[in-house]
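The values are calculated or read from the model by the stated rules, or taken from the named source; none is laboratory data. Predicted model, so just to flag it, every value in this text is computed and none were measured. Every residue, glycine as well, gets a Cβ built from its backbone with ideal geometry; the counts of neighbours run over all protein chains shown.
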Amino acid sequence: MELSKENVEKIREFCKHCFRELGLKGKVKIILSRKPTGMPTAGFFIPEERVVGVACHNRAMADIMRTIAHELTHCKQHLDGTVFPEDDEGLQPYEDEANQMSGKLVRFHGRKNRDIYNDLLSEGLHKILF
């Protein structure tokens with residue numbers, strides 16, 4: 001997805017949707033990276049700074065939005081008092097909640113804003129046999 005003014009505005013509207021649905025208050029800095037971040041993840045949340053970072057390089061709009069929603073869910077968890085465990089097993093319930101909520105947030109936003117899926121539409125259909 002290209003980070004054009006139009007696409008950034010679509011992301012801004014989606015963020016407003018997430019804030020409403022999650023009940024988030026205050027400021028969160030959201031960084032959209034045009035280039036690969038070099039990190040082994042599509043997004044991150046820095047609790048102490050209330051910063052969300054999202055890799056946009058070679059990704060579809062709906063996928064970027066899902067990552068934003070995932071990280072904003074972590075922000076909400078943090079504001080609700082969650083202290084994130086360092087180990088994967090302890091962290092998993094919070095990841096599961098963020099995955100579930102991010103899918104829901106994108107799905108419901110996408111029902112009224114179908115154009116978020118435009119870069120996923122194919123010119124033709126291809127048959128794949130397994």
request  = Only residues that are over 11 Å from I30 (Cα atoms) and either in contact with a helix residue (DSSP H, G or I) (Cβ under 7 Å, 6 or more places away or on another chain) or surrounded by fewer than 16 Cβ atoms within 10 Å (Cβ to Cβ) (or both): list them for the stretch 70-80, please.
outcome  = H70, T73, H74, K76, Q77, H78, D80
request  = Would you confirm whether any residue within the stretch 30-41 is surrounded by 15 or more Cβ atoms within 10 Å (Cβ to Cβ), more than 15 Å from S102 (Cβ to Cβ), at pLDDT below 95 and of a type in the set (G, A, S)?
outcome  = yes
message = Against the conditions (1) small (G, A, S); (2) within 29 Å of R111 (Cα to Cα); (3) surrounded by 10 or more Cβ atoms within 10 Å (Cβ to Cβ), where does G26 fall short? Just the number, please.
response = (3)
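Just one of D87, D115, D96 is closer than 19 Å to C15 by Cα and not aromatic (F, W, Y); which is it? Before the answer, list the steps.
On the way: D87 fails: closer than 19 Å to C15 by Cα; D96 fails: closer than 19 Å to C15 by Cα.
Of the residues listed, the single one that is closer than 19 Å to C15 by Cα and not aromatic (F, W, Y) is D115.
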note = Within the stretch 91-111, restricting to residues that are under 19 Å from I46 (Cβ atoms) and free of Cβ contacts under 8 Å to residues at least 12 places away in the same chain, the one that is farthest from the chain's Cα centre (by Cα) is L91
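Name every residue in the stretch 69-104 that is of a type in the set (D, E, K, R) and not in a helix (DSSP H, G or I), in order of residue number. Show your work before the answer.
Start the filter on the stretch 69-104 by keeping residues that are of a type in the set (D, E, K, R), which leaves 71, 76, 80, 86-89, 95-97, 104.
D80, E86, D87 - these are the residues of the stretch 69-104 that are of a type in the set (D, E, K, R) and not in a helix (DSSP H, G or I).
Would you please name the residue that is surrounded by the fewest Cβ atoms within 10 Å (Cβ to Cβ), looking only at residues in the stretch 1-23 that are outside any loop (DSSP other than H, G, I, E, B) and free of Cβ contacts under 8 Å to residues at least 24 places away in the same chain?
Here is the first cut: in the stretch 1-23, the residues outside any loop (DSSP other than H, G, I, E, B) are 5-22.
Then drop every residue that is not free of Cβ contacts under 8 Å to residues at least 24 places away in the same chain, which leaves 5-6, 9, 12, 16, 20.
Details: K5: 7, E6: 9, E9: 10, R12: 11, K16: 11, R20: 10.
Restricting to residues being outside any loop (DSSP other than H, G, I, E, B) and free of Cβ contacts under 8 Å to residues at least 24 places away in the same chain, the top hit is K5.
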query = Which of the residues that make up the stretch 40-68 are among the β-branched types (V, I, T) and assigned to a loop (DSSP other than H, G, I, E, B)?
reply = T41
